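Below is one structure, written out as structure tokens; comments come after it.
The values are calculated or read from the model by the stated rules, or taken from the named source; none is laboratory data. From a predicted model like this one, the values you see are computed outputs, not experimental measurements. Using ideal geometry, Cβ is built from the backbone for each residue, glycine included, and neighbour counts are taken over all protein chains shown. We work out accessible area using only protein heavy atoms, side chains counted, and drop any ligands, DNA or RNA first. Shrake-Rupley method; radii C 1.70, N 1.55, O 1.52, S 1.80 Å.
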Amino acid sequence: MNGTRVRPPLILMVPAMAGLAFLVLPLAGLLVRAPWSTLGTRLAEPHVLEALRLSLVTATLATGLCLLLGVPLAWTLARVPFRGVRLVRALVTVPLVLPPVVGGVALLLVLGRRGLVGGRLDAAFGITLPFTTAGVVLAEAFVAMPFLVISVEGALRAADHRYEEAAATLGAGRWTVFLRVTLPLVAPGIAAGSVLCWARALGEFGATITFAGSFPGRTQTMPLAVYLALETDPQAAIVLSLILLAVAVLVLAALRGRWTGTS
Amino acid sequence: MRGLDARVAVRRGTFALDLPLAVAPGEVVALLGPNGAGKSTALRALAGLVPTAGGHLVLDGTDLAPLPPERRRVGMVFQDYLLFPHLSALDNVAFGPRCQGMRRRAARRLAAEWLDRVGLAGHGAARPRELSGGQAQRVALARALAAAPGLLLLDEPLAALDARTRLDVRAALRRHLAGFAGAALLVTHDPLDAMVLADRLVVVEDGRLVQEGVPADVARRPRTDYVARLVGLNLYRGRARRGKDGAGTVAIADGGSLDTVDSPEGEVFLAFSPASVGLYRTRPDGSPRNIWRTRVDAVERHGDRVRVRLSGPPFAAVAEVTPAAVAELDLSEGRPIWAAVKATETHVYPA
């Protein structure tokens, strides 16, 4: 406040700089080693495009699924007082801290061909989920949904619920209140949650490879393609990684505008 | 029966509200009371926003108790208006009609008419955050009225406004309430708002009704210390004895006594205005009046007058004098002083 700046102590600044370098240097290395001259042709290779398309489609579908299930779940957590709400909230956040590969194993056990639910789905309707594109969507949604639920629940808690009361006194039923008042009020939170959710789904690896495998064109998303390419064609892995990096930067930019920038 | 007939009973922890309320169609009733008396809770119970515990709520012959808020036909103007921030002023007002199934165009036409009626014809496209406090209040009123409620509730409708807009908005609100055919109930802790806007006052303290009546009557004959303070009178409870020649003496419950003219017998309230209290450094003599020796407790500026709190014994009182008198009498805390009130300035009524 008085204009003189306190000199930051070296004992903190040195590790701080090292930490920053640790985070930034690998990304810089990626940019340095990228085959810029052949980038165009490599991007146009069919299996790159295929993986990219599959990733975009499954991440978007997974985000849609998360919105469909996650927004009502967030609303319930934020608005309905019930016993055990803390427990339910903890359960919802489990996939955040759970190793994704464990999520994949769990999904296999439940939805696999011999799984608790999967077996019946197969017997009754002939529906198989593991090792299909639908399986990719499920695996991504499983891992990404907590991001959406937490973001939307936070927005719902921060929103003044008396707007909903005001709507009710004007004759709006529960559903009308939800659609015309609650959702618009928390729209920024839903948008931010969707972006986070989509980004997480796009980068999903462990649960996907465990539950859906890695079949090119069907279940081989970008992160899987990167991993496999690393053994056969490192240059391709770098190109694919660059794409994911670019998407991550775009997501950050989107969040800055909609969320962090306005808060 | 038309209008509102209710006994609003709400229980919350140790607080219990039990309030009989009847409001005729076209009538405006003001709920007046100190903070925490349960006024806003009563409104929320009528709107269906807090559960009631017993009692009854009947509006125009319909039992409201089993109905959710959206089916009660009870409109509410909230203290901070709660205009939907994502909708324009016009769509805020059209919200109620839309919920009742009106087509979008018809609802917008109706909303435009209401905005016109509250003097905001050109502001339909404005977002709530672009409106001034007074404008937002009027949009909130139009929004509540456009839903055609049978009962209109107003929770501190003027509290959020600054002093200047308050005058204009109060006058406008009075006009709109006069034009409203249903029952109207407003909550306030400002006696002036209540007197100007309401046909009848209901005073609530600690969840109970303590006094009701037309504003002039409540102002003249307060029945609790809270109401007395509100209308600016000294109030005592005591026992009256009639003397010869019709004059009387009231033995005040806290001690002391005051002479009066035309007094009833028995338990009474005695009230007099602070302006009728004279203060003297030495014992005054002359015309017959109540004279007592007391002590200055506090001296407060009150507009262009000065309020002097007098402590007991025999009883506490407030006197209102000019700043000149304060200087002349050298009034300061703890100073002993003589106080006098003419018997004709006291007003006595049965308790």
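If you scan segment B:59-74, which residues turn out to be away from chain A (no Cβ under 14 Å) and not hydrophobic (A, V, I, L, M, F, W, C)? Write out each step before concluding.
Residues of segment B:59-74 away from chain A (no Cβ under 14 Å): B:60-63, B:65-66.
Result: B:ASP60, B:GLY61, B:THR62, B:ASP63, B:PRO66.
Given (1) at the interface with chain A (Cβ under 10 Å from one of its Cβ atoms); (2) open to solvent by less than 50 Å² (accessible area, probe 1.4 Å); (3) touching a residue at least 24 places away in the same chain (Cβ under 8 Å), where does B:LEU90 come up short, assuming only one miss?
(1)
Restricting to segment B:243-277, name every residue that is among the small types (Gly, Ala, Ser), open to solvent by 20 Å² or more (accessible area, probe 1.4 Å), in contact with a Ser or Thr (Cβ under 9 Å, 6 or more places away or on another chain) and closer than 28 Å to B:VAL306 by Cα.
Within segment B:243-277, B:SER257, B:SER276 meet the criteria.
B:ALA240 passes all but one of (1) surrounded by 18 or more Cβ atoms within 10 Å (Cβ to Cβ); (2) at pLDDT below 80; (3) closer than 27 Å to B:VAL203 by Cβ; which number fails?
Every condition holds for B:ALA240 apart from (2).
Tally up the residues in segment A:54-66 that are under 14 Å from A:GLN220 (Cβ atoms) and open to solvent by 10 Å² or more (accessible area, probe 1.4 Å), please.
Total satisfying the criteria: 2.
Would you say B:ASP63 is in contact (Cβ under 8 Å) with a residue 60 or more places away in the chain and either open to solvent by 40 Å² or more (accessible area, probe 1.4 Å) or in the same structural domain as B:VAL10 (by TED's automatic domain parsing) (or both)?
So B:ASP63 does not fit the description; no.
Can B:PHE269 be described as in a strand (DSSP E or B) and hydrophobic (A, V, I, L, M, F, W, C)? Even if it seems obvious, please write down each step before you answer.
Values: in a strand (DSSP E or B): yes; hydrophobic (A, V, I, L, M, F, W, C): yes.
Criteria met by B:PHE269.
Among residues belonging to segment A:8-41 that are closer than 22 Å to A:LEU224 by Cβ and in contact with a Leu (Cβ under 9 Å, 6 or more places away or on another chain), point out the one that is surrounded by the most Cβ atoms within 10 Å (Cβ to Cβ).
Top of the filtered list is A:ALA34.
From the set of residues in segment B:228-237 that are in a helix (DSSP H, G or I) and of a type outside the set (Lys, Arg), which is least open to solvent (accessible area, probe 1.4 Å)? Explain how you work it out, then say what you get.
Residues of segment B:228-237 that are in a helix (DSSP H, G or I), as a first pass: B:228-231.
Next, from what is left, pick out any that are of a type outside the set (Lys, Arg): B:228, B:230-231.
Values: B:ALA228: 4, B:LEU230: 42, B:VAL231: 39 Å².
So, considering only residues that are in a helix (DSSP H, G or I) and of a type outside the set (Lys, Arg), the one least open to solvent (accessible area, probe 1.4 Å) is B:ALA228.
Do you know which residues across segment A:158-172 are open to solvent by 50 Å² or more (accessible area, probe 1.4 Å) and more than 7 Å from chain B (Cβ to nearest Cβ)?
Once the filter is applied, which keeps residues that are open to solvent by 50 Å² or more (accessible area, probe 1.4 Å) and more than 7 Å from chain B (Cβ to nearest Cβ), segment A:158-172 yields A:ALA158, A:ASP160, A:HIS161.
So that you can scan it fast, the table gives a plain yes or no per residue for (1) at the interface with chain A (Cβ under 9 Å from one of its Cβ atoms); (2) surrounded by 22 or more Cβ atoms within 10 Å (Cβ to Cβ); (3) among the hydroxyl-bearing types (Ser, Thr, Tyr):
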residue	(1), (2), (3)
B:VAL77	no, yes, no
B:LEU82	yes, yes, no
B:ALA112	no, no, no
B:ALA121	no, no, no
B:GLU130	no, no, no
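Any residue in segment A:173-190 that is within 11 Å of another protein chain (Cβ to nearest Cβ) sitting within a Cβ distance under 7 Å of a residue that is of a type in the set (Lys, Arg)? List the pairs, counting only those 6 or more apart or interchain.
Correct list of pairs: A:PRO188/A:ARG258.
Considering only segment A:67-90, I want to know if a residue exists there that is touching a residue at least 40 places away in the same chain (Cβ under 8 Å), out of contact with any Lys or Arg (no Cβ under 9 Å at 6 or more places or on another chain) and surrounded by fewer than 12 Cβ atoms within 10 Å (Cβ to Cβ).
no
Within segment A:111-124, identify whether any single residue is open to solvent by 20 Å² or more (accessible area, probe 1.4 Å), within 23 Å of the chain's Cα centre (by Cα) and away from chain B (no Cβ under 14 Å), and answer yes or no.
For segment A:111-124, residues open to solvent by 20 Å² or more (accessible area, probe 1.4 Å), within 23 Å of the chain's Cα centre (by Cα) and away from chain B (no Cβ under 14 Å): present.
Could you tell me how many of the residues in segment B:172-227 are part of a loop (DSSP other than H, G, I, E, B) and surrounded by fewer than 15 Cβ atoms within 10 Å (Cβ to Cβ)?
4
The conditions are (1) open to solvent by less than 50 Å² (accessible area, probe 1.4 Å); (2) away from every other protein chain (no Cβ under 12 Å), and B:HIS56 fails exactly one of them. Which is it?
Failed condition: (1).
Name the pairs: first residue in segment A:21-34 and within 10 Å of A:SER241 (Cβ to Cβ), second residue of a type in the set (Gly, Ala, Ser) and surrounded by 11 or more Cβ atoms within 10 Å (Cβ to Cβ), Cβ to Cβ under 9 Å, at least 6 apart or on different chains?
Listed pairs, sorted by first residue: A:LEU30/A:SER241; A:ALA34/A:SER241.
Going by the structure shown, is A:ALA155 within 14 Å of chain B (Cβ to nearest Cβ) and either under 20 Å from A:GLY103 (Cα atoms) or open to solvent by 10 Å² or more (accessible area, probe 1.4 Å) (or both)?
Numbers: within 14 Å of chain B (Cβ to nearest Cβ): yes; either under 20 Å from A:GLY103 (Cα atoms) or open to solvent by 10 Å² or more (accessible area, probe 1.4 Å) (or both): yes.
Against the criterion (within 14 Å of chain B (Cβ to nearest Cβ) and either under 20 Å from A:GLY103 (Cα atoms) or open to solvent by 10 Å² or more (accessible area, probe 1.4 Å) (or both)), A:ALA155 qualifies.
Take the conditions under 29 Å from A:ALA191 (Cβ atoms), touching a helix residue (DSSP H, G or I) at 6+ places or on another chain (Cβ under 9 Å) and in a helix (DSSP H, G or I) and apply them to A:LEU67. Does it pass?
Working: under 29 Å from A:ALA191 (Cβ atoms): yes; touching a helix residue (DSSP H, G or I) at 6+ places or on another chain (Cβ under 9 Å): yes; in a helix (DSSP H, G or I): yes.
The answer is yes for A:LEU67.
Take the residues in segment B:278-306 that are out of contact with any Ser or Thr (no Cβ under 8 Å at 6 or more places or on another chain) and either under 18 Å from B:ARG229 (Cα atoms) or in contact (Cβ under 8 Å) with a residue 60 or more places away in the chain (or both); name whichever of them is most open to solvent (accessible area, probe 1.4 Å).
The residue in question is B:ARG301.
Which condition number in (1) open to solvent by less than 60 Å² (accessible area, probe 1.4 Å); (2) at the interface with chain A (Cβ under 10 Å from one of its Cβ atoms); (3) basic (Lys, Arg) is the one that B:LYS39 fails?
So the condition that B:LYS39 fails would be (2).
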